[in-house]
Structures are given as C-alpha cells and as structure tokens.
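S.K.: Below are the structure tokens for one structure; questions will follow.
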C-alpha cells in the first residue's frame, strides 16, 4: 500500500482518503490499459501495413499529415513534434521517404534558413494505394471492437489527453 503524504487533500478525512486511493488506483489501471491497448494495436496495424505495403506507421503518418496540410508543406521540426519523434528520428525518416521519391524538401518561401517538406505526386499516389489497406486493418483491429459512439468517445478522450500533455 502506498502511504499518502500529510498535505494530501483530504488526508484527515478517512472517507476522502479512500476516494483518493480508489481514484489513484483506477487511474493507474486506466493508464495500464491505454499503454497495453495502444502497444498491441500499433503492433497489429504496423504488421499489417508492413505486409501489405512495406511501410511503417511513422512513414504513413508523415504522408497523411503532409496530404492534409493546408499550407502545402510542413517544417521538419513540426512533423517531428506532431509525430512524437525526435528531430534526428524525423530527419532519418524524411531521408528514407525522400530517397523513395515520396516527399521533397524545399526552401521555405518566407524563411531563408528554413525548409518545408512537401508530398510529391509519387507520394500522393502511394498514399492512395496504401490507405484502403490501412483502413481494412483499422477496421479489423479497432473499429470492429467499438461502436460509433464508443469510437467517437475514445477519439474525444484521447484528444483531451493529448492536448493536456502538450
């Protein structure tokens, strides 16, 4: 059992202490479920993506982000932050995608020292080929396990967690 500190709210009220302990226990269990569920889901979906398209989830994520970027390009550092990668990890990933002709780095139009990463026509075509298979994998491993309402709730809750962690 974990001992509570004296300045813990409600530590003088035994009933409140029990509620805090239950909340902490439930929070730890929920965190464990998030970790276990996301790790298993990522492993399954990544395996499907590699088998079907020879691509990693990180590579697909970058292509999707670039395809959805309203500014026709994204700074490499922004891609790293959005994808929860290190800057060096993002650089290596972008090198691989650029070697495959899927993305191109070009000078930033308003920042002489900056670069933008843009999706090439080949990258757009590759994305069109891969997404249907990726959706099938998501359907099999995630969407079929949840109803529409639960999927919406999960999305809203995870967005809230993501935003709070920024």
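Every number in this text was worked out from the coordinates using simple rules, so none of it is lab data. All of these numbers come straight from a predicted model, not from anything done at the bench. Positions of Cβ are backbone-derived with ideal geometry, glycine not excepted, and every protein chain shown enters the neighbour counts.
S.K.: Once you order the gyration tensor axes a ≥ b ≥ c over the Cα atoms, which shape class does region 100-157 get: rounded for a/c under 1.5, otherwise prolate or oblate by comparing a/b with b/c?
M.R.: Details: a/c = 5.39, a/b = 1.95, b/c = 2.77.
In terms of gyration-tensor shape, oblate.
S.K.: Would you calculate, for the chain, the mean residue ellipticity at 222 nm contributed by helices, counting each DSSP H stretch of 4 or more residues as -39,500 (n - 2.57) and dividing by all residues, to the nearest 500? Could you put the intermediate results ahead of the total?
M.R.: On the way: 6 runs with 109 residues, N = 166.
Counting only the DSSP helices, I get -22500 deg cm²/dmol.
S.K.: Give the relative contact order (percent, whole number) for the chain; include only Cα pairs under 8 Å separated by 6+ residues.
M.R.: So the answer I get is 19 percent.
S.K.: Can you pull the Rg over Rh of region 11-97, Cα-only, Kirkwood?
M.R.: 1.23
S.K.: What does the highest-first list of 155-163, 55-63 look like by mean Cβ count within 10 Å? Show your work: numbers first, answer last.
M.R.: Working: 155-163: 10.3, 55-63: 19.3.
Descending mean neighbour count gives 55-63, 155-163.
S.K.: Ranking 79, 131 by Cβ neighbours within 10 Å, fewest first, what do you get?
M.R.: Ordered from fewest to most neighbouring Cβ atoms within 10 Å, 79, 131 come out as 131, 79.
S.K.: I've got another one for you. Calculate the tail of P(r) for region 50-166: the fraction of all Cα-Cα distances greater than 24 Å, expressed in %.
M.R.: Values: 2395 of 6786 pairs.
Cα-Cα pairs of region 50-166 separated by over 24 Å account for 35 percent.
S.K.: So for region 63-116, what are the equivalent ellipsoid semi-axes in whole Å, largest first, each being the square root of 5 times an eigenvalue of the Cα gyration tensor?
M.R.: Semi-axis lengths for region 63-116 are 16, 13, 12 Å.
S.K.: With r defined as the distance between the Cβ atoms of residue 138 and residue 87 and R0 fixed at 30 Å, what FRET efficiency is calculated, to the nearest 0.05?
M.R.: 0.60
S.K.: Further question on the same structure: Rounded to the nearest 0.05, what FRET efficiency do residue 111 and residue 68 have when you use their Cβ-Cβ distance and R0 = 22 Å?
M.R.: Details: r = 22 Å, r/R0 = 0.99.
The formula returns an efficiency of 0.50 here.
S.K.: Run the quick spin-label model on residue 26 and residue 51: label points 7 Å from Cα toward the beta carbon, then report their separation in nm to one decimal.
M.R.: The answer from the label model is 3.8 nm.
S.K.: So for the pair residue 44, residue 152, with labels modelled 7 Å out along Cα→Cβ, what separation do we get in nm?
M.R.: So the two model labels end up 2.4 nm from each other.
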